[in-house]
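The values are calculated or read from the model by the stated rules, or taken from the named source; none is laboratory data. This structure is a prediction, so every number in the text was calculated from the model and none was measured. As a convention, Cβ positions derive from the backbone with ideal geometry for all residues, glycine included, and neighbour counts pool all protein chains shown.
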Amino acid sequence: MGKTYGLFVGLIFALHLYAQTDTTSTRRPDTLPARMPAASAPASKPADSSRTSYEKLINAPARAAFYSAVLPGLGQAYNRQYWKIPLVYAAIGTAVYFYRQNQLQYFTYRRAYQNRLLGRPDDFPQYSDDVLLQAQAYYRRNRDISLMAAVGMYLLNIMDANVSAHLRQWNVNDNLSFRPVLLGDTRRMMPGLGLTLRF
């Protein structure tokens, strides 16, 4: 218990010492101004009609989500991720295909069961009534799962367009880093662990 407590205290102490290092000399200055400059409009246009690129970027996630809701894949085209459009249509199309196939099979077995109850000849004389009921339940369940999958793929398409548009606004250059650093406690001869975050 005492060794564990000592290791924990040493780790916290090592992190505290590492957090006190000066990293301002290697930090790059912020590229965004503290205050957004007022948009200067040309004399021929009114000031209200001009929009800065910053304002356009703010509306990009909502616009991408709206486009994908109106027509699946349109939000991906808005984000210039054209390679995702066939994936969107393949996912939604596959789910719709299985929905239709299961719906047809369900109605086939349902019609056969109804004809048998009315005393008419049906397409499956070799199957008992229980088998026809089980087949109906099986295909109804698969149809419902396929419908939920199609709706899920449609919603996933909208979320993908929205998240991709949000990620376009993030700074993801190579200057960002998060890496663990092993530190040594020279007084107690115990290892320590620290994390370095640069942005």
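Would you call LEU71 of a type in the set (A, V, I, L, M, F, W, C), under 24 Å from GLN169 (Cα atoms) and modelled with pLDDT under 90? Against the criterion (of a type in the set (A, V, I, L, M, F, W, C), under 24 Å from GLN169 (Cα atoms) and modelled with pLDDT under 90), LEU71 does not qualify. Residues that are exposed (fewer than 15 other Cβ atoms within 10 Å of the Cβ) and in a helix (DSSP H, G or I) within the stretch 116-139 comprise LEU117, LEU118, ASP129, ASP130, VAL131, LEU133, GLN134, ALA137, TYR138, listed in sequence order. For the criterion of being loosely packed, with under 14 Cβ neighbours inside 10 Å, within 22 Å of the chain's Cα centre (by Cα) and in a loop (DSSP other than H, G, I, E, B), ARG80 passes.
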